[in-house]
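Comments concern the structure below.
Read-outs throughout are calculated quantities, based only on the coordinates presented, and are distinct from any laboratory measurement. Not measured: the values here are computed from a predicted model. Neighbour counts are summed over all protein chains in view; Cβ atoms, including those assigned to glycine, are modelled from backbone coordinates with ideal geometry.
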């Protein structure tokens, strides 16, 4: 156990005084800290430090050499985001530690206290007689006070595509981050990391029945966690704090702990709605590989481009266009630049440009990182020569380098390399099977969105996602950053597809009920609730034709300027309003339970009258028995209106608010 006796006691508070961090050294000289929110203990005495291979550890035996305090208060603008401007206001405490026996053993720890939480990181400056370090264990602890209600996924160094769980912290297992908690006094916290650069991804482990969490990093094949030169800066370890669940969503802590943008001209970086040759592949109606059902043909791509151009959509994704899908997951299977004979990329991109549509290229790696990196220059040059400004990358399957995982330092560096090379050639990135989001979109705003969650496709070939899945996601995965969940499915029961799905009988034999467990109205609402600057209307275009509810997707603008979380209960419901230009859009979703509540519209501009186009669950709608029942009504509202919202079980509601004088 950590000694509670103190050698030093330093206090740092947030600008509003509500967040308090107490730094101390134990009698053994081990750095420790505590965290309180408005006098409530959140993190009890917890240890800090690094254990190194073949070098003196950086765990204990320290004294404080010097302390530097500072304050920063700035507002920065971003090219896209949940809000256009971000206040970055914090108090900082830099603590410089030296070894008691040898002043050559040094460790610096930096704390920043914000009104919405805190971050801390390690810096290892130059050490005597060594030029590099090998971290075998990061000994960061989060000794959580009490036993809070916890929403979490099981840690896995290869995937975040897990079911969310809700337990007491003491009943959880190894944890992936973000992990979110609610204390007995109704305070909320979420542990994650920011600015994950040249380091390994952090998970959290603890003994059964304990609430003392300890960091665990994804390793290299030799067991080392991080290999670095001096000076070494770790990612920020973050704790978002709020007295409301919605406050976690509104927090800018993660992006504020990243470096300012490095792309001078961001005019080519544009949020968009997109469709694509994608959902039909997961339903097995079409194939990635060549053959009679090949989806990525020139003709089919043009059909999707025509639909996008006619329906106020900005992009079309095409998967399965390049050769190699026939031998996917075998050695050197993909040819990253050679198209199948029935797909002409030059003609498709030309046609898309003629129609004002952005072609979104797709590059699946199958985890073969050496091969992909060897071809990366050619891939980027190809897209640049075509005039393509957006790509989707994929890393399905195991990493094809012995001993490496998706979330180790090796892959963290790879993902960043792709983003930086793409930025240099004016290409936006949507990454699937990614490293977790830690806010690098501030530094590299071409890193638009990513998966990193059990997404929509799981509904096509597994037991799928429960109605509560997205009501937890908004308070866990989405806190890290934009999420490409690919909502917008209208044929939620697959009634238009099952007779043509070749594996339907196989799934029935496995007792799998394939469907999406929401109403249509909830699918619309998810396009507002789950933030992403690239929002996919993911269904087959045939399922949108003749659907009045598709008008909401046509009218939706995803280039947001502001947001408001109007109500929220983790795992139960959430309602968010987002502003684009003079319009506001509202999304409200629930779990398996029906809900009714009143929502004040005081976020609307005072003195203006708005037309509310409301897409709501019909009175008899139910995710299981009647998911397609949806109503569309128009209502005149103003900032003093209190709107009554009703959500069916597994349902939602989506609303566009448009000033009447704009029509």
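Listing 84, 105 from fewest to most neighbouring C-beta atoms within 10 Å gives 84, 105.
Taking Cα atoms only, the orientation of helix 369-386 departs from the longest principal axis of the chain by about 50 degrees. One quarter of the convex hull surface built on the alpha carbon atoms of region 512-663 amounts to 9.3 nm², the projected area averaged over directions. For region 29-89, the C-alpha radius of gyration sits at 1.75 times the compact-globule guess of 2.2 N^0.38 Å, with N the residue count.
Here, P(r) means the percent of Cα pairs in each 10 Å bin from 0 to the largest distance; for region 21-130 it is 12, 38, 28, 16, 5, 0. Listing 70, 210 from fewest to most neighbouring C-beta atoms within 10 Å gives 70, 210.
What the pair-distance distribution of region 69-169 shows, using all Cα-Cα distances binned every 5 Å from zero, is 2, 8, 11, 13, 14, 15, 18, 13, 5, 2, 0 percent.
Over region 260-452, what portion of Cα pair distances is larger than 31 Å, expressed as a whole percent? Beyond 31 Å sits 13 percent of the P(r) for region 260-452. The modelled label-to-label distance for the pair residue 72/residue 640, using points 7 Å beyond Cα in the direction of Cβ, is 4.4 nm.
Here the residues 406, 89, ranked from fewest to most Cβ neighbours within 10 Å of their Cβ, fall in the order 89, 406. Using a simple spin-label model with pseudo-atoms 7 Å out from Cα toward Cβ, residue 262 and residue 233 lie 1.1 nm apart.
With the simple spin-label model, which puts each label point 7 Å out from Cα in the Cβ direction, the residue 398 to residue 329 separation comes to 1.1 nm. Values of log10 I(q)/I(0) for region 222-306 across q = 0.19 Å⁻¹ run -0.92, by the Debye formula with one identical scatterer at each alpha carbon and no solvent.
Give, to the nearest whole percent, the P(r) tail of region 6-256 beyond 21 angstrom, counting all Cα pairs. In whole percent, the long-distance tail amounts to 59.
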